[in-house]
Structures are given as C-alpha cells and as structure tokens.
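A short write-up of the structure that comes next.
The values are calculated or read from the model by the stated rules, or taken from the named source; none is laboratory data. Model, not experiment: these values are computed from the prediction. We place every Cβ from the backbone using ideal geometry, glycine too, and count neighbours over all the protein chains shown. The accessibility values were calculated without ligands, DNA or RNA, using every heavy atom of the protein model including side chains. Shrake-Rupley method; radii C 1.70, N 1.55, O 1.52, S 1.80 Å.
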Amino acid sequence: MVFWKRFLYLTGVINQIYRWRLYIIYTMKAESKALTASENNVLLAIAGEKEFCDPIRLAEETGINVDAVMQTAFMLAQDGLCEIKETHEEYYRLTEEGKTYAEQGLPEKRAFAFLIDKGHATVDELQSFFDADNDKESKIAINWLLRNKWAKIDKSGGKRLLIPIIAQDELSSDISDAILRIVNAGEIEGNVLAEAVTKEFGAVAINETLALLSSRNLLESYSRVARVIAITEAGKETIARGIAVEDEITQLTPELIRTGSWRARKFKTYDVNLPSKSVYPAKVHPYQRILDSMRHIFTDMGFVEIKGELAQSAFWNFDALFVPQDHPAREMQDTFYLARRKPIDAPEELIENVKQMHEHGGSLNSSGWGGKWKSELGEEILLRTHTTAVTLKYLASHPKPPVKVFCIDRVYRRETIDPTHIPEFDQLEGIVMDKGVTFSHLLGYLATFYKKMGFPSIRFRPGYFPYTEPSVEVEVYMPERGWIELGGAGIFREEVTNPIGVQYPVLAWGLGIGRLAMLSLGLTDIRDLYRSDIDWLRRARVVR
Ligand code: FA5
C-alpha cells in the first residue's frame, strides 16, 4: 500500500516536471522563433539602418530582389520584428496624344502663335496650317482658342475670321505646355512635378491644369504605394539573443518527391493575406458580362434569341407597329434615315392590311388614324430606332402560337448626348404570343427578369406606345437615386397583330440595357460603358 502511495506520488511529480519542461521549451521556442535564411538576412539588413529604409536599398544590401525583400519583410512584420509604413503617391504619365503635343506644342498654342504672326486667319487658313487633309487638330485648336478666350470668331466680312483677343505675353504664365514637357521625360511623382514647375514659373498652383490635361486625355494619373521598413524593439532583442536559422523549402522539386526527403523538411507557408503585386488577367468586359447574364436569364425562362437587320424599312420600324405616318418620332431630327428607299420587304397582302388598318381600322372596330397611308414613306430605309421592329417582323413570319423570343441589339436615335442618353444604345426586346397569356404574365416576366438582374424593387407606371394597350413603363428603385425608368412594355394592339395574321395576345417589351448596366456597375454616366477606361476595367469585379 505504502509502495503504491509512493509510486503514485512520484509519477505525479514526474508528470508535473514533464509539464514544466514542455512549458519551458515551448516559451523558449516562441521567444527565439527560428527564422529562414532570407528572413535572417533581411532582418540583419534592416537592423543595420538607422531609420526607416527603402526596400530597394535592402535589396542591394542583401542581394535579394525587391519583391522578395518586401515579402520577407511582411513575414517579419507579422512576428513583430519589423515595422512597415505605407504611403500612397500620385504619379503622372502622358498618353500618346499627350506625347505628340509635348513634342509639337498644344494645338491651341501653335494656332495662337500663327494668329499673332498673321494678325488673323480664316478657319480654312488655320486648317491648312495644321494638316489640310485632317481637320482634327485645327478643330481642337479652335475649340480651345475660343474656350480659353484667346481668340474670337468674327463673321462680319462674310468669312469666319479668327482674331486674337489677348497679347502673346499673357500666355507666358500658362503652364500646360511645361507640364507636358516635364512629364514627357518619364513618369513622375506629383510633388517632384510641382517642384519642377515651381522652379520655372515660381509658386503656381498646378492642380487645375493637371485636371484639365487629364480631362483632355493627354495625361494619366495613377497611384503607387511606397513602403519603408524599420526594426522594432522585438527585432533588436531577437538579434541580440542570436537567431536560429532554419532552412525552409520554397519550391517542391521532382528530386524532393522522388527521394521522399520532403517528409523531413519544412515548407515555407503561404499567407494569402499579404499584399502582393497586382496582376490583371484578361477578362470579359463588364458590359459584355451583363449582356451574357441577360441572355442566360431569358434562355433559362425558355426564350429563344433572334436577330434582325440593323437597317430596317420604315414600314417595319413604324407602320406595321401602327405608328401614324405623321408621328414626331419619324421626323429626321429623331431618326437616322439612309439616303435611299427600297420596295417594302413584306408580302403585298400584308402591306395592304397595314394600309387599311391605318386608314380606317381595317375589319376591326377601330377608326385607324384616318387620312391616306403613303407606301413611299414605308419604303424609306432607316437605322432601327428600337428592336421592336425585329420582334414584330419575326412574329409576322411565325404567326402560329406559341412564340417566345427575345433579341438583344443595337438601336440608333438622333439624341442630344447626356449621362443617360446616347445616340447608339442597346435594347433587350422580348415577345410572348400564346393562347391565354395576360397582362399579369407580362408583369411577372419583367419582375422576374429585374429581380434576377439584382433589382428587387421595381414598379410599373401607366405608359403610352402607339402599338400597345395597355402600356406600362418599368422603373427600378435605386436607394441613392430614386425611381429610374428602364423600359416600356405592353400588349400589342389588335391594330398591330391583325394585319400580320396573329390571332392571340402578344406580350411585348423593350428595355434599355445601357441604363440598367450603368446602374448595376455603379456608374453615373452611360457613356462610361463605352469608354473602356483601363483603370476601371482593371478594377471591375468578375464576381459580384
Ligand atoms: C421603346 O423603345 C419601345 N419600343 C419599348 C416597347 C417595346 C414598348 C414593346 C412596348 C412594347 P423607349 O423609347 O421608351 O421605348 O425606350 C425603351 C428604353 O430604352 C428606355 O426606357 C431607356 O431605358 C432606353 N433608352 C431610350 N433612349 C435611350 C438613349 N438615348 N440612350 C440610352 N438608353 C435609351
């Protein structure tokens, strides 16, 4: 009994001692954590510097490349052995056009010197001064001469005469040429650029000129991260204690696998959270991705995609859709017409039906639009103003139910350009024709589509289109912008379906894709979709 008591007491003590040993070994190991050869190398180099130092300097000292130095420094910083400070610096470089002007001078400056030299010049003379065959530069020059109020146009003598309105020496404080020249020497950091300009012109503000040159697409700015590194107290202590260097494998070789020696070796771990060099792999354009997802949504709902001609007859674009021949949308100022006509591309009987429908409502209980329908107006060729022309033409050649098709394509309108209007844009058109389809089905299709596109809040407002009854306008809600109109929809009137031989209800919609894409990509200007700004493209996410 006594023996067993002693035995248990002793094992308890041994156990306790063993635990202490583990504890002692563990804490000692944690305090003098082994470093890899390169960590050791970099830490010693950092310790050799009096203050924060540049990774390029450390690379020179250690013989390790800069990226590897930074990577190693991040590892050391994670263990608290060094500290890394980051600053973001603005850099500038010239575009191709900027480089041209840096060498030749800005067009408006050259034009101004020419005007001062001659006293005045006609627009044609100025054009010949630049390039008689290409008026791009002379147009830029005139635009900026007038905008800067350096010259004015005088039309009194029957000719458009450009006359300088300031003296040559008033331009001596203009720093735009100098900025282009300085940046042309190579990419340059903002403060260095400001210093160089100040040296030539004295203390001047350069930000406004930089913004102007950027908006003219002559100059690009981009941000760079600068990092500096310094040793910490913990780093100094580690060095003082003596560093245990441990060899880590960074690359697995066939040799290591074949011999099995990898089992006894330590591998360098990856830390995916460490900052790394940005790479910009090729990816599908964000706008194209949106078009593709729209296609998927409709094909998933059982629709088939169709295509149609870009140049349509006015007959299919307007008349067959029961748009009256004196409708304002048909005017030259709204529609791009081609300078030719063609016989209407539809069977004679169908043309006759449309004519009857316009003149007196055909065989329907409708009065039509009255007056005389002129086939020559239907023969005009135009760039389609909506994709409804495409679905309607398809319907006319497929009058038997069911029809469930969609079309994603470019349309053209003479528009004043602004952040939500452009003259070339894309529409998503769709129709469903079948026995028993109703207005609720139409609203259901649209609500489903917008929900799948990431717009759960939508509303329908009563609308008007000459070819649908009832008609609605579809709006989506954006928290920071309110309700935005994205498309039109309705059920085709019998005045449209009867002449083409369709006997069942047709649900139809035409949605603006550009506006939807703009909202879904967080843009505020529809034109940005087509500008392909390289920084924006790089930043655009592939997965939302
Ligand atoms: C139409 O084009 C009708 N054809 C839609 C339709 C089809 C109604 C079938 C009924 C049945 P609207 O002109 O409103 O409608 O244009 C539809 C959408 O295209 C607009 O809501 C808008 O999102 C977009 N859109 C119109 N003009 C422009 C433009 N200049 N730039 C960009 N998007 C535009």
Dipole check, the chain, charges on Cβ (K,R +1; D,E -1), about Cα centroid: among ASN134, LEU35, VAL304 the Cα furthest to the positive pole belongs to LEU35
Amide H of GLY463: which non-local residues (sequence gap of 5 or more, or other chain) have their own amide H closer than 5 Å, using H built in the peptide plane?
SER471, VAL472, GLU473
Treating only the Cβ of Lys, Arg, Asp and Glu as charged (+1, +1, -1, -1), what charge dipole size does region 115-232 show about its Cα centre? Round to the nearest 20 debye.
360
Of all the accessible heavy-atom surface of the chain, with the other protein chains kept in place and a 1.4 Å probe, what percent is carbon and sulfur?
53
Tilt relative to the chain, helix 439-452 - C-alpha long axis, 0 to 90 degrees, to 10
30
Roughly speaking, what % of Cα-Cα pairs in region 218-315 are separated by over 16 Å, rounded to a whole number?
83
Using +1 at the Cβ of each Lys and Arg and -1 at the Cβ of each Asp and Glu in the chain, identify which of ILE153, ALA77, ALA230 lies farthest towards the dipole's positive end.
ALA77
Expected field for THR36, accessible surface area in Å² at 1.4 Å probe radius, rounded to 10, holds 10
Name the residue farthest towards the positive end of the dipole of the chain from the options ILE188, HIS327, LEU44, assuming +1 on Cβ of Lys and Arg, -1 on Cβ of Asp and Glu, about the Cα centre.
LEU44
Once amide H atoms are built 1.01 Å from N in the peptide plane, which residues 5 or more positions from CYS82, or in another chain, come under 5 Å H to H?
ALA77, THR232
Per residue, how large is the accessible surface of region 457-529? Use a 1.4 angstrom probe and give square angstrom.
39
Which Rg and Dmax, in Å, describe the Cα atoms of region 94-217?
15.5, 50
Where the only charges are on Cβ atoms (+1 Lys, Arg; -1 Asp, Glu), what is the dipole of the chain about its Cα centre, to the nearest 20 debye?
2260
Could you calculate, for the chain, the ratio of the Cα radius of gyration to the Kirkwood radius, expressed as Rg to Rh?
1.17
Work out, in µm²/s and without decimals, the Stokes-Einstein translational diffusion coefficient of region 165-290 at 4 °C, 1.567 mPa s, Rh from Kirkwood over C-alpha pairs.
60
Under the definition of Cα pairs under 8 Å and six or more residues apart, what whole-number percent is the relative contact order of region 94-217?
28
For LYS139, the accessible surface traced by a 1.4 Å probe with all protein chains present amounts, in square angstrom to the nearest 10, to 130
At a threshold of 8 angstrom on Cα-Cα distance, excluding pairs fewer than six apart, so keeping six or more, what relative contact order does the chain reach in percent?
12
Going by the alpha-carbon gyration tensor, a ≥ b ≥ c the square roots of its eigenvalues, is region 396-492 rounded (a/c under 1.5) or, if a/c is not under 1.5, prolate (a/b greater than b/c) versus oblate?
oblate
Please list THR259, THR100, THR232 from largest to smallest accessible area, probe radius 1.4 Å, with all protein chains kept in place.
THR259, THR100, THR232
Where in region 436-497 are there GluC sites (Glu not before Pro) that are in a DSSP coil and have at most 13 other Cβ atoms within 10 angstrom of their Cβ?
GLU480
